[in-house]
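Visitor: First the structure, which I've put down as structure tokens, then a few questions once you've had a look.
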Amino acid sequence: MNPYDAQAVSEVLLNSIERGLSPNTLYLSRSEKALYLGRLGKKSNVNMEYCEGEGIPVIRNHLGKSEAVLDEDCLLITLIAEKSSINQNVEDLLMCIANGLNTMGLKTEVKGNDIMSDKKVAGMSFELVGDLIAFDGVALIDFDYDFCEMALKPMPEKFINKKASNHREYLTTIKAELDRHVETSEVVSAIQSGFEDGLQVVFEVSNSLTDEENQMLEGLSEKYHSEQWINTGRWSPVKDYGL
């Protein structure tokens, strides 16, 4: 999926659930190579000359907090649900992912907002949006360290108290930990099962949006391509992309 639509779909689902048009949703997706600014990240932390020269999109999330480099070897994980329907705390939700990965043979544990093997293999952020909980992050099936080092400027402050000085020292991948080839479908199945077991639910699997959601997606595409949104995290004039 192109990275603009990957983010727009996430917002579409949030709006749809908020309006009662869709049930609580676990959204698992992959994105073509892009640099994600997060909701609060800054372009000043990005090597824009490199990204522009390589034709790498720089986009802004509506969830998440800081800059990250992602491609199709990274599984994007978003859980959007009504707060009243979720009895678990943030650590419990993180354990859903950790337990799912552990069924594949990993040995992971939750530390803060990160899921650690020997190093960080997945991470999540948590936000309250009105009456909804939005739990958003990524699991690293594989990772392009060279891309990361070229696209992001050094930010040593990010590694304070993490016993690492750069991404190579701090991050690992599911493939590296298992020392074998890993299909995306295997990770999707493991994480889905982890959430189903942890939340005591069964998800109805769908690979497409509803007609109403596709209508919202068409409208939001303009937002995620706009320089105003990418540069400032603001989008005006405010438009209603609903029905």
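No value in this document is a laboratory result; all are computed from the given coordinates. All figures in this text were calculated on a predicted structure; none of them were measured in a lab. FYI the Cβ positions are ideal-geometry reconstructions off the backbone, even for glycines, and counts take in every protein chain you see.
Visitor: Among the GluC sites (Glu not before Pro) within region 153-243, which fall in a DSSP loop and have no more than 10 other Cβ atoms within 10 Å of their own Cβ?
Guide: 183, 204
Visitor: Right, here's the next one. So what's the net charge close to residue 131: Lys and Arg +1, Asp and Glu -1, counting the other residues with Cβ under 10 Å from its Cβ?
Guide: -1
Visitor: Need the C-alpha centroid separation for region 158-234 versus region 106-126, integer Å.
Guide: 14 Å
Visitor: Rounded to the nearest 0.05, what FRET efficiency do residue 21 and residue 88 have when you use their Cβ-Cβ distance and R0 = 22 Å?
Guide: 0.35
Visitor: Which of the aspartates and glutamates could be linked to residue 175 by a straight reach, that is with a Cα gap under 16 Å, when you skip same-chain ones fewer than 8 residues away?
Guide: 71, 72, 73, 118, 142, 144, 183, 186
Visitor: With all pairs of different alpha carbon atoms counted, what Kirkwood hydrodynamic radius in Å does region 8-149 show? Before the final figure, lay out the partial values.
Guide: On the way: mean 1/r = 0.0623 Å⁻¹.
With all distinct Cα pairs of region 8-149 included, I get 16.1 Å.
Visitor: From the gyration tensor of the Cα coordinates in the chain, what semi-axes in whole Å does the equivalent ellipsoid have, largest first, with each one equal to sqrt(5λ)?
Guide: Equivalent-ellipsoid dimensions as semi-axes: 26, 25, 16 Å.
Visitor: While we're here: Distance between the C-alpha centers of region 134-156 and region 39-66? Whole Å please.
Guide: First find each Cα centre; the distance between them is then 11 Å.
Visitor: Another question about this same structure. Can you tell me the relative contact order of region 3-232? Whole percent, Cα pairs under 8 Å, sequence separation 6 or more.
Guide: Once divided by the residue count of region 3-232, the mean separation gives 24 percent.
Visitor: For the chain, which span is the longest to avoid every loop-located (per DSSP) member of trypsin sites (Lys or Arg not before Pro) having at most 14 other Cβ atoms inside 10 Å?
Guide: On the way: sites that count: 19, 42, 107, 162, 163, 180, 234, 239.
Longest gap between qualifying sites, sites excluded: 43-106.
Visitor: When the dipole is taken about the Cα centre of region 1-59, and only Lys, Arg (+1) and Asp, Glu (-1) are charged at their Cβ, what size is it in debye, to the nearest 20? Display every interim value, and only then the final one.
Guide: Numbers: 6 positive and 7 negative charges, 43 e Å.
Around 200 debye, computed over region 1-59.
Visitor: Tell me, what ³J(HN,Hα) does each residue in region 138-149 have, in order and in whole Hz, if you take phi through Karplus 6.51 cos²θ - 1.76 cosθ + 1.60 with θ = phi - 60° and put x for Gly and Pro?
Guide: The phi angles translate into 8, 10, 8, 6, 8, 8, 8, 5, 5, 4, 4, 5 Hz.
Visitor: So what's Rg/Rh here for region 104-177, counting alpha carbon atoms and using the Kirkwood radius for Rh? Please report the intermediate quantities before stating the final value.
Guide: Numbers: Rg = 13.8 Å, Rh = 13.7 Å.
Result for region 104-177 is an Rg/Rh of 1.01.
Visitor: Report the net charge of residues surrounding residue 121, where surrounding means a beta-carbon distance below 13 angstrom and charges are Lys +1, Arg +1, Asp -1, Glu -1.
Guide: -1
Visitor: With every atom except the alpha carbons ignored, what do you get for Rg and Dmax of region 67-200, in angstroms?
Guide: In Å, with Rg to one decimal and Dmax whole: 15.0, 43.
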